[in-house]
Each structure stands twice: as structure tokens, then as C-alpha cells.
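The values are calculated or read from the model by the stated rules, or taken from the named source; none is laboratory data. A quick note: this is a predicted structure, and the numbers were derived from the prediction, not measured. A quick note on method: Cβ atoms are made from the backbone with ideal geometry, for glycine too, and the neighbour counts reach across all protein chains shown. Quick note on the areas: whole protein, heavy atoms, side chains included, nothing else; ligands and nucleic acids left out. Shrake-Rupley method; radii C 1.70, N 1.55, O 1.52, S 1.80 Å.
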Amino acid sequence: MKKIIYFTLMFYGLSNVLLAQESKNSDYKMQIEVGYTLMSNLFNDNDYYNFQTSLANNINDETLAGPTIAFVHETKYPYLDVVMGTTFLLRTSTVWGGGYTIGSTNSYDYSLNGGGVYVGLRPLMKRKHFGLTSEFAIGVFSFKEYIGIFNNTVQPYIDKFDKKASHGLGAKASFGAYVKFWKLGIHPTVDAIYSGGANASFLFYGMTIPLTYTF
């Protein structure tokens with residue numbers, strides 16, 4: 001909770017530093033973006049479990065998806081905004097393998113989810129109705145990957161329960177384009193999220209398609 005408060009204060013600190021001080025009549029707009037994020041787990045691929053048993057699925061085929069919300073504030077620099085956002089991602093597949101009864105088990109289960117909050121800068125090429133954007137942010141991200149395999153019915157027998165989790169500082173980078181008419185728009189981006197700390201680190205890539213509203 002303290003880290004979330006810290007990044008909130010950092011967002012407003014960046015806004016205050018970068019807002020124009022020269023003109024009291026300057027009108028700097030704020031934008032909210034609400035979208036859907038889809039991330040691939042390909043960069044965290046590990047075939048170790050596939051070497052041991054046919055029960056294991058292909059981890060590199062797993063994807064994460066979920067909502068992303070961001071607040072964007074203009075600054076005194078025409079081609080630089082500040083952004084604060086949050087994302088929450090869940091594994092899209094719910095498939096698990098095998099079956100079990102008491103004393104006789106041949107099963108595999110897998111879970112992957114996470115998210116976080118972030119604050120950063122958004123350099124952009126701004127036009128009235130169209131523009132190109134980039135985003136470089138730091139944040140607090142946490143992801144977990146749990147793998148459970150248990151087989152005592154068919155050789156080779158196997159009993160594994162591995163838990164990988166990250167929590168702490170991470171980073172987010174994006175490149176995209178927006179189209180906007182009046183106060184509404186759309187802003188698709190290509191994204192990468194890094195999450196480290198604890199006993200694991202994760203690197204995801206994917207895309208976000210948000211709708212935007214400018215105040």
C-alpha cells in the first residue's frame with residue numbers, strides 16, 4: 001500500500017514540475033484510458049516439465065489478459081505527457097490435465113496471474129486528431145506462476161509443486177498511435193512489462209486497445 005501511495009505522489013509531483021508556470025490561463029487537459037490488455041508468456045518459456053511428463057502443457061503458449069486503466073496529464077511541453085496507470089492480468093486458459101481419486105492421481109495444474117501500478121513519461125508526436133506515442137514507466141508489479149504435477153499411477157512417477165513469484169520494482173514500455181475526434185478516441189499500443197524481485201522475474205509482451213476520454 002505504501003508503494004502505491006508513493007507512485008501516486010510521484011505522478012502528481014511529475015505533473016506539478018512539468019506543468020506550465022508561465023501562464024495562469026493555460027489549459028492543460030487530462031485524459032482517462034480504459035482498455036483491454038493481452039500479454040504473451042513466450043519470453044518465460046521453460047520446457048523442463050515437458051521433458052519429465054506428457055501431462056505438462058506448453059508454458060510458452062500461455063497468455064494473460066485483463067483490464068488496464070491509465071490517467072494521462074498534459075505538461076508545459078507540447079510533446080510530453082505524464083501517465084499513471086494500473087493493470088490486472090489473468091491467465092486466459094483454464095485447462096488442466098489428468099484426473100484424480102483418493103490414492104490414485106495423475107494430474108497437472110497451472111496458474112499464472114499478476115499486475116501492478118506504474119507512473120512514467122509519455123513522449124509523443126501530437127496532432128489534433130492523430131498522433132504517435134511512446135511510454136516509459138516504472139512501477140510496482142507482482143506476478144505468480146504455480147505449477148503442480150502429481151502422478152502415482154503411471155511410470156515415470158512425478159511429484160512437483162513449484163511456485164515462482166515476483167514483487168517489487170518493475171518497468172513498462174509502450175509504443176502506439178491514437179485517433180481522436182471531439183473528446184473520444186482509441187489508442188492501441190504494443191507493450192512490454194518487466195517484473196522482478198522475490199525469487200523470480202517475468203518479461204511479457206503484447207498489446208493494449210483502450211478507449212480514451214479527454215476532460
Is it the case that segment 126-136 has a residue that's polar (S, T, N, Q), farther than 26 Å from ALA70 by Cα, touching a Ser or Thr at 6+ places or on another chain (Cβ under 7 Å) and open to solvent by less than 50 Å² (accessible area, probe 1.4 Å)? no
Among the residues of segment 159-212, the number that are assigned to a strand (DSSP E or B) and in contact with a Lys or Arg (Cβ under 6 Å, 6 or more places away or on another chain) is 2
So for segment 86-96 (the condition being at pLDDT below 90, open to solvent by less than 20 Å² (accessible area, probe 1.4 Å) and assigned to a strand (DSSP E or B)), does at least one residue qualify? no
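When you go through THR101, THR105 one by one, which is the residue that is open to solvent by 70 Å² or more (accessible area, probe 1.4 Å) and more than 25 Å from VAL34 (Cβ to Cβ)? Explain how you work it out, then say what you get.
Working: THR105 fails: open to solvent by 70 Å² or more (accessible area, probe 1.4 Å).
On inspection, the qualifying residue turns out to be THR101.
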THR8, sole failed condition from (1) surrounded by 13 or more Cβ atoms within 10 Å (Cβ to Cβ); (2) under 23 Å from the mean Cα position of the chain (by Cα); (3) at pLDDT 80 or above; (4) not aliphatic (A, V, I, L, M): (3)
Checked against (1) open to solvent by 20 Å² or more (accessible area, probe 1.4 Å); (2) closer than 23 Å to ASP109 by Cβ; (3) without any contact (Cβ under 8 Å) to a residue 60 or more places away in the chain, ALA177 satisfies every condition except (2)
Subset of segment 51-82, residues among the polar types (S, T, N, Q) and open to solvent by 50 Å² or more (accessible area, probe 1.4 Å), comes to GLN52, SER54, ASN58
Taking into account only those residues within segment 181-196 that are more than 16 Å from the chain's Cα centre (by Cα) and modelled with pLDDT under 95, which is surrounded by the fewest Cβ atoms within 10 Å (Cβ to Cβ)? TRP182
Do you know which of the residues in segment 153-171 that are in contact with a strand residue (DSSP E or B) (Cβ under 6 Å, 6 or more places away or on another chain) and among the polar types (S, T, N, Q) is most open to solvent (accessible area, probe 1.4 Å)? THR153
